[in-house]
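Readers should treat all values here as calculations from the given coordinates under stated rules, not as data from a laboratory. This is a predicted model, so every value here is computed, not measured. FYI the Cβ positions are ideal-geometry reconstructions off the backbone, even for glycines, and counts take in every protein chain you see.
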Amino acid sequence: MRRVLILSLPLAVCFFKAAFPAAFSQAAAQSQSPQERSALALYQKASALFQQRQYEQSLAALDEALKLNPRLVPALRLKARLAMAVNRFDIAKASLLQAVEIEPGVADNHFLLGFCYYVDNDFKNALPPLERSRQLKPDGARTHFYLALTLEALARADDAIASYEESLKLEKNGGAILAETLVAYARLLFTLGRYGESEALIDRALAAAPDSRDAQYEKGRLLFERRAYAEAITHGKKALELPGAGTTERQIHFLLARAYAKSGQKELAEIHLAKFRAAPPTLRR
């Protein structure tokens, strides 16, 4: 089964907050050694730099913090995020494995480790930490979402559907269902040939985020399957105008080439087919 990823990797990495943990209270800091307090201060500096997207400076501060306190788990997690942003999954995994070893009862450590394996296409190894994160924090909507994506990649469609449903339920309870969750779930249903259910989810995604390139593209694909080629073209053209890190321009040109061909507009079909062939295949991360 094909892999589905919604966020670009840098965007996904930045999605996870790097704020200074509330657990580091003033009283707790005073109970630590001067070296540990210095490490905390460096981590706090690194976290602020990360929020400002000054990644090189953030990494330098983290390295100094971890020299002073190698067991500072928030620093290990932040270092992993920075490593993933530059495709250094070896460093990210090593940091997160350390974090899990130091704090095995913290759901976020397991979640980030599973996420790291997932974006590195290692779906088999992504599954256990994501499942452990779900056990430790059953109400984590993002855990269920990435668990669904992982199960889908492992061709476990029924289990993936159950995880998507749980993710949507938790997002609703949290106050807002995310368009990316609806689109990912809809893509799976599309692959299974369940077009009506898929389109219902895409319509919900478009209602929540009409400027979603992914949702516009998926609506176009569904309309193409219904032989509504003119409408498919409308949504394909809209998708092409919108920014986005998920659906590629190559995919949209292919949809438009097919839809124009079916509607008898051969010249436009050839234009988009040429653009499709000229664009290199790109892994959606």
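Could I have the simple spin-label model distance between R156 and K67, label points 7 Å from Cα toward Cβ, reported in nm to one decimal?
Placing both labels 7 Å along Cα→Cβ, they lie 4.3 nm apart.
Note the full-extension length gain between Q51 and S263 as 0.36 nm times their separation in residues minus their Cα-Cα distance, in nm to one decimal.
Extra length available between Q51 and S263 comes to 71.5 nm.
Using a Förster radius of 25 Å, what is the FRET efficiency between A274 and A230 based on their Cβ-Cβ separation? Nearest 0.05, please.
Efficiency computed from Cβ-Cβ geometry: 0.70.
Against the longest alpha carbon principal axis of the chain, how many degrees, from 0 to 90 and to the nearest 10, is the axis of helix 195-208 turned?
Value to nearest ten degrees: 60.
Based on the mean of other Cβ atoms within 10 Å per residue, sort peptides 247-255, 169-177, 186-194 so the most packed one is first.
247-255, 186-194, 169-177
Bin by bin, in steps of 10 Å, what percent of the Cα pairs in region 104-177 do you find, going until the bin that has the longest distance?
The percentages, shortest bin first, are 24, 52, 23, 1.
State, as an integer percentage, the relative contact order of the chain based on alpha-carbon contacts under 8 Å between residues 6 or more apart.
Reported relative contact order: 13 percent.
Decide, for region 194-285, between rounded, prolate and oblate: order the square roots of the alpha carbon gyration tensor eigenvalues as a ≥ b ≥ c, take rounded if a/c falls under 1.5, and otherwise choose prolate if a/b is larger than b/c, else oblate.
oblate
Can you give the extra length, in nm with one decimal, that the chain gains between R250 and Q35 once fully stretched, where that is 0.36 nm per residue apart less the Cα-Cα distance?
So the chain would gain 72.1 nm between R250 and Q35.
With all pairs of different alpha carbon atoms counted, what Kirkwood hydrodynamic radius in Å does the chain show?
20.6 Å
Using 1/(1 + (r/R0)^6) with R0 = 25 angstrom and r between the beta carbons of N121 and L192, what's the FRET efficiency to the nearest 0.05?
My answer for the efficiency is 0.70.
For K137, list the lysines whose Cα falls under 25 Å from its own Cα; do not include residues on the same chain fewer than 8 positions away.
Those lysines meeting the cut-off are K17, K79, K93, K124, K169, K172.
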